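Notes follow the structure.
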Amino acid sequence: MTEPVVRIPDAKVALSTASVYPESTATAFEIAARLGYDGVEVMVWTDPVSQDIDALRRLSDYHQVPILAVHAPCLLITQRVWSTDPWVKLQRARTAAEKLGASTVVVHPPFRWQRSYARDFVRGIWRMADETDVRFAVENMYPWRYRDREMLAYAPDWDVTKDDYRHFTVDLSHTSTARTDALQMIDRMGDRLAHIHLADGNGSAKDEHLVPGRGKQPCAELLERLAVSGFDGHIVIEVNTRRAMSAAEREADLAEALAYTRLHLASPTGVPRP
């Protein structure tokens with residue numbers, strides 16, 4: 001009898017703390033430990049614990065769950081978190097990542113109305129990347145839509161592959177909302193693809209962040225490509241569980257997302273084994 005050899009890449013599968021909202025950052029660590037995630041990505045937002053390096057270190061140590069990435073506070077609701085100066089936010093995110101042992105800072109492109117920040121964003125990200133071993137992985141976004149109208153809310157562009165960055169994050173809920181081809185975007189990113197936000201979507205104007213496999217994005221195909229290529233970045237489950245009717249239902253969704261991811265990362269090589 002021969003069995004197919006299965007190649008499993010070194011990529012770690014992490015849970016975004018945003019995936020447990022409206023529960024707390026602390027709850028995300030508990031769930032990640034219980035379900036067997038390889039680590040967490042901390043979304044820095046209005047929860048005070050997400051902003052506190054010492055509190056995050058205690059959670060990581062207590063649950064034995066490493067912090068693999070820090071998501072800088074780039075959302076509309078976090079405009080005043082860690083300063084109103086976007087460069088200060090990124091400096092603090094880098095410091096947090098360095099102190100917590102995280103390898104990646106995830107950052108969104110600027111909002112279009114942040115004119116000075118947007119003008120210097122590409123050069124500034126390169127400058128910051130040159131000052132640290134932490135990777136600044138710039139994330140693809142999407143046009144904002146209302147009925148038949150489209151607003152370009154991000155600068156230099158929501159499609160970050162149009163600019164020159166050292167590292168990228170691809171978010172499959174965002175490719176869904178942008179109605180762009182996720183696999184073509186990943187091809188454009190090439191070996192600069194460093195970080196994955198795994199979620200799903202059905203092409204709605206809303207950023208859906210569905211559990212992988214519940215929408216129309218090529219989540220399985222992406223994971224299988226990563227397995228074949230030996231991707232060694234991080235794959236972060238970033239899904240919306242706000243509609244969960246109970247803590248048990250939320251945890252079941254996050255367990256399903258982890259199982260789906262690990263299943264599709266196990267790629268047969270096609271080489272028989274005696």
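The values are calculated or read from the model by the stated rules, or taken from the named source; none is laboratory data. The shown structure was predicted, so the numbers you read here are calculated from the model rather than taken from an experiment. All Cβ positions, glycine included, derive from the backbone under ideal geometry; neighbour counts span all protein chains shown. With ligands, DNA and RNA removed, areas are computed over all heavy atoms of the protein, side chains included. Shrake-Rupley method; radii C 1.70, N 1.55, O 1.52, S 1.80 Å.
Give me the lysines in straight-line cross-link reach of K12: C-alpha distance below 21 Å, same-chain residues under 8 apart excluded. Leaving aside lysines fewer than 8 places away in the same chain, those within reach of K12 are K99. Mean sequence separation of contacting Cα pairs (under 8 Å, at least six apart), scaled by the length of the chain, corresponds to a relative contact order of 23 percent. DSSP beta bridges fully contained in the stretch 9-266 are about 15 percent antiparallel. Close amide-amide hydrogen proximity is noted between I237 and A14, L15, S16, L198, each under 5 Å apart and 5 or more residues distant or on a separate chain (H modeled in the peptide plane; Pro and chain starts excluded).
Mean residue ellipticity, 222 nm, helices only, the chain: the sum of -39500 (n - 2.57) across DSSP H runs of n ≥ 4, divided by residue count and rounded to 500, is -10500 deg cm²/dmol.
Restricting the stretch 130-178 to trypsin sites (Lys or Arg not before Pro) that sit in a DSSP loop and have at most 15 other Cβ atoms within 10 Å of their own Cβ leaves R147, R166.
Convex hull over the Cα atoms of the stretch 9-266, averaged projected area in nm²? If you wrap the Cα atoms of the stretch 9-266 in a convex hull and average its projections, you get 12.6 nm². Here the gap between S204 and A153, fully extended at 0.36 nm per residue and compared with their Cα-Cα distance, gives a gain of 16.7 nm. For the chain, carbon and sulfur atoms together expose 50% of the accessible surface, with a 1.4 angstrom probe and every protein chain in place. Accessible surface computed residue by residue for the stretch 9-266, with neighbouring protein chains in place and a 1.4 Å probe, gives 44 Å² per residue.
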